[in-house]
Every structure is written in C-alpha cells, then in structure tokens.
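Let me begin by presenting the structure, written as structure tokens, before commenting on it.
A short reminder: the numbers here are calculations on the coordinates, not readings from a lab. Note that the structure is a prediction, hence the values are computed from the model and not measured. Counting neighbours? That spans all protein chains shown, and the Cβs are built from the backbone with ideal geometry, glycine included.
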C-alpha cells in the first residue's frame, strides 16, 4: 500500500514528556551498517544524509540514536548532526547510555553510574547540542537494580544537561524502580509480532501515560531484517488482503497496540522510509489483529 500523501503524521501523535511527536519515528542504527550495527558495510554517506533529511521533510520528529551506534566508517550521531543541524524546533532526538564500546568497536564494560555523565557529554559533543531531549538508560543483561544508574541520570536532568529520561531493555519491576527515582517518559524495548514478552509492560506504560517505544518492530528474525528471512504466513495473508508489504503489516499491528506505542523503524533507503511511514494509514480489522497476535514466528 502507499498513501496519497505520505507523512509521519498518518498514525497520529503522542506527548513524549512535554514534547509532541508523530508516532512513527526513525531509528538511526542501521545508517551505520547492517542491522547488527558494528558489522557489515554502511550505506553511502550521501544516501544516509538524504534519508535523514527526507525523514524530517516527511514529518518524522522523533529520531533514536546513541554514541555507540558506529561502524568503521559511520557514526549515527555525526550523520544526524551533519544532515539536520541546525535542528528543527520540534525535532526530538533520543539517545541511550550504559553500553560502551572502544575505538575498535569492541564492547567494553558497561558504564558505572559515575561514568554516565561522560557518555551524556559524548552525545552532546557529537550531536552539537547543549542539552539532550531524551536519554534512555539501557539496562544491561544481568543487571537487576537500576536505581543507582538512573539516579545519576536524574542528577544530570536536574543540572539541565538532559530534558527527559527513559529506560530501555527493562522488565516491569525495573521500570517501577526507575519511576521511584525520577519521572520516566518512555520505555524502549524490543517488541513486535514475533516478540511479545512485554504485554504487561505495554499495558503498564499505557495506564501511566508513558510512551512505549518498540525497536525491531518489523523484525521477523533475531534482528531488524524482517523481509530478509522466511515471512510469517499470517502476516503474508494480511499483507495480500490490503495490498501492503509484510513490513507495513507488522508496523500497523504494532501501532494498533495503543496510542502510546511509538515504533522507530530504521532504514538506509528512502523507498523503505516512505513505505514505513505509509503504514500509519493502514488499519487492521479486529479479526486480523487477533490472527496476527496468535501467529508463531516464521
């Protein structure tokens, strides 16, 4: 399917803290290379810049990035700065802290609470900003309590370096713990038709007015490469019924989980960008939503 006038506004808006954004955003990770961002060959630099500019032209005003999104040749933050600075007043740039990589791209030990300021400042330098709109604490595997790390970010919020805070890769009890420390405006977790372990978390966010920002929402496999592998039969059936692509059906299903759900599909292709945004106009029936929710991974 295509929309007569493709725009990120087709799916409506959500108030992310005090910042109103169109519900379909853009994830910058894939601009640096493959879906596994520290491997593969990145797209042409000019193409990456053009995709970012086209996204904003089409109404995307929520871009997700991180200083640790880089490959041998590309840095997501640098691309965003080069393509979009000076930034539009309504553009929300969300970034993440916690994970750490060395200059060669190898993963290092996750940041301690006292190291988070350095990561925030690194994002500020790379993006050319005097404050960050939204910083998500990426909770690492094996980490249980988030209070000390989130408290360190809350101090940076009080100091004016950060406007709003969120969490990523969390379980429900970790979100509740973070909320006891400082206001949480979003949760960013992997979520989609093939990965729905977070239903309770999605519902909690909706009831609390917290944005739920799913990544890999069009994934059919382990990473955001949905169309690359064998596609789910029920997804294909619904796609044929609507004259849509499987990726559009996956995005539409995700969007219809609640008005607070803000997917951030990423791409290095302008054609795929337009296709993703057009999914905001796709309305699935209750029967289709039920069938897709019962689908098993391909």
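Run the numbers for residue 199 and residue 18: contour at 0.36 nm per residue of separation, minus the present Cα-Cα distance, in nm.
62.6 nm
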Here the relative contact order (percent) of the chain, from C-alpha pairs under 8 Å and at least 6 apart, is 20 percent
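At a Förster radius of 22 Å, what calculated FRET efficiency corresponds to the Cβ-Cβ distance of residue 259 and residue 180, to the nearest 0.05? Can you show the working numbers first?
Details: r = 26 Å, r/R0 = 1.16.
According to the calculation, E is roughly 0.30.
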Contour minus Cα-Cα span, residue 109 to residue 54, at 0.36 nm per residue, comes to 16.2 nm
With 0.36 nm assigned to each residue of separation and the Cα-Cα distance removed, residue 148 to residue 45 gains 33.2 nm
In whole percent, the Cα-Cα distances of the chain spread across 10 Å bins from 0 upward as 6, 29, 38, 22, 4, 0
The Cα extents of region 112-251 along the principal axes, largest first and rounded to whole Å, are 52, 33, 28
Applying the gyration tensor rule to the Cα atoms of region 94-170 (axes a ≥ b ≥ c; rounded if a/c under 1.5, else prolate if a/b exceeds b/c, else oblate), the class is oblate
Restricted to the chain, the DSSP antiparallel beta bridge percent, nearest 5, is 25 percent
Most packed first (mean Cβ within 10 Å per residue), the peptides 154-164, 254-264, 208-218, 125-135 order as 208-218, 254-264, 125-135, 154-164
In deg cm²/dmol, rounded to the nearest 500, the helical mean residue ellipticity at 222 nm of the chain, built from -39500 (n - 2.57) for every DSSP H run of length 4 or more, is -10000 deg cm²/dmol
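If you take the beta carbon distance between residue 163 and residue 141 as r and set R0 to 30 Å, what does 1/(1 + (r/R0)^6) give as a FRET efficiency, to the nearest 0.05? Intermediate values should be presented prior to the final figure.
Numbers: r = 28 Å, r/R0 = 0.93.
With a Förster radius of 30 Å, E is 0.60.
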Residue 294 and residue 78 label points (each 7 Å along its Cα→Cβ direction) are spaced in nm at 5.1 nm
For region 40-193, the convex hull over Cα atoms projects on average to an area in nm² of 10.0 nm²
Most packed first (mean Cβ within 10 Å per residue), the peptides 67-75, 97-105 order as 67-75, 97-105
Quick calc of log₁₀ I(q)/I(0), region 38-128, Debye, one scatterer on every Cα, no solvent, q values 0.21, 0.24 1/Å, result -1.08, -1.28
